[in-house]
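Contents: one structure, followed by commentary.
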Amino acid sequence: MAIENKVALVTGAGQGIGRGIALRLAKDGASVMLVDMKADALEAVAAEVRALGRKAATFVADISDREQVYEAVAQTERELGGFDIIVNNAGIAQVQPLSDVTPEEVDRIMRINVQGTLWGIQAAAKKFEERKHKGKIINACSIAGHDGFAMLGIYSATKFAVRALTQAAAKEYASRGITVNAYCPGIVGTGMWTEIDKRFSEITGAPVGETYKKYVEGIALGRPETPDDVASLVSYLAGPDSDYVTGQAILIDGGIVYR
Ligand SMILES: NC(=O)c1ccc[n+]([C@@H]2O[C@H](COP(=O)([O-])OP(=O)(O)OC[C@H]3O[C@@H](n4cnc5c(N)ncnc54)[C@H](O)[C@@H]3O)[C@@H](O)[C@H]2O)c1
């Protein structure tokens, strides 16, 4: 198995893409620390990881709080006996025309999507250095990190920022053998898209489900993306086959954005 005996931390692991990534990394052989704000959801995913015969631990944290992220990393090492991979997956979306966005909304999404990712990058790099070994840092970007999307302008700005952090961190940490990459999904049928669709419907008057359907119709491969689709790329980025890849924000969207 590609990452047997490795220890991975996944944020936003309580549901959706994070849950899919955690289960895939466990199947690949890793022990997994599951981090989220939702304690109950974490316990359910931990039980799924253990059912695969792998070790799981949970840590309730808000990733926008730097201290909590550092503590999650420290706890991973204490409880699972190592620290090799971090997946900075947790994030939120926000649907709002640019003309209506408030300072509070900008502050909230920047704190979670941008600062939360930065604290994860920092804390992981520091721990790899302390442990004197290489490591993998993997960040959640998006198609919205490559193109700005109408009504998702601030969300897009946060994901462009994640791409910038991914490139800068890759350059800063390359000499230590740490690779830093990002995955850029398209339209994944998770709780996040249920919320996005609902907000579009409130703002534009489109029937519920219509916006999601419209976006899915634009996918060349003809179906919505699943968390497993995303997890397959993260599995590659977490394993030794990607040792020569760094600073990339890789699109996995079924054919929406082409770079
Ligand atoms: N769903 C998509 O279509 C899509 C597409 C591209 C990128 N993404 C990105 O993938 C990541 C996961 O998305 P998802 O669709 O699984 O979302 P989701 O809303 O279904 O799940 C996100 C999880 O993150 C947790 N979370 C949110 N804020 C947190 C915080 N401050 N601290 C700790 N945990 C927090 C939530 O509790 C939840 O369990 C996000 O970064 C998102 O921007 C999603």
Original post:
Are there any pairs, at least 6 apart or on different chains, whose C-beta atoms fall under 6 Å, with the first in the stretch 61-79 and under 19 Å from Ala39 (Cβ atoms) and the second part of a helix (DSSP H, G or I) and away from the ligand (no atom under 14 Å from the Cβ), and if so, which?
Top reply: Val73/Lys127
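Kindly indicate which of Glu210, Glu172 is at negative phi and in contact with a Ser or Thr (Cβ under 8 Å, 6 or more places away or on another chain). Write out each step before concluding.
Values: Glu172 fails: in contact with a Ser or Thr (Cβ under 8 Å, 6 or more places away or on another chain).
After ruling out the rest, the residue left standing is Glu210.
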**OP:** Exactly one condition in (1) more than 22 Å from Glu225 (Cα to Cα); (2) within 14 Å of the chain's Cα centre (by Cα) is not met by Val10; state its number.
**Re:** (1)
Subject >> Subset of the stretch 164-213 (residues that are touching a residue at least 12 places away in the same chain (Cβ under 8 Å) and small (Gly, Ala, Ser)) >> reply: Ala169, Ala170, Ala174, Gly177, Ala182, Gly186, Gly189, Gly191, Gly209
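Condition first: of a type in the set (Asp, Glu), out of contact with any helix residue (DSSP H, G or I) (no Cβ under 6 Å at 6 or more places or on another chain) and touching a residue at least 40 places away in the same chain (Cβ under 8 Å). Now tell me which residues in the stretch 214-252 satisfy that. Let's see the steps before the verdict.
Restricting attention to the stretch 214-252, the residues satisfying the condition of being of a type in the set (Asp, Glu) are 217, 225, 228-229, 241, 243.
Imposing the further condition that a residue be out of contact with any helix residue (DSSP H, G or I) (no Cβ under 6 Å at 6 or more places or on another chain) reduces the set to 217, 225, 229, 241, 243.
Across the stretch 214-252, the qualifying residues are Glu225, Asp229, Asp241, Asp243.
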Original post:
Restricting attention to the stretch 1-58, which residues are within 22 Å of Glu195 (Cβ to Cβ), surrounded by fewer than 23 Cβ atoms within 10 Å (Cβ to Cβ) and in contact (Cβ under 8 Å) with a residue 60 or more places away in the chain?
Top reply: Gln15, Gly16
Original post:
Leu80 versus (1) crowded, with 16+ Cβ neighbours inside 10 Å; (2) within 25 Å of Ala161 (Cα to Cα); (3) more than 13 Å from the ligand (Cβ to nearest atom): which is the lone unmet condition?
Top reply: (2)
Subject >> Residue list for the stretch 5-25, restricted to those being part of a helix (DSSP H, G or I) and either in contact with a His (Cβ under 9 Å, 6 or more places away or on another chain) or more than 7 Å from the ligand (Cβ to nearest atom) (or both) >> reply: Arg19, Gly20, Ile21, Ala22, Leu23, Arg24, Leu25
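FYI, it's all coordinate maths here, none of it is from the lab. Since the model is a prediction, treat every value here as computed from it, not as a measurement. Positions of Cβ are backbone-derived with ideal geometry, glycine not excepted, and every protein chain shown enters the neighbour counts.
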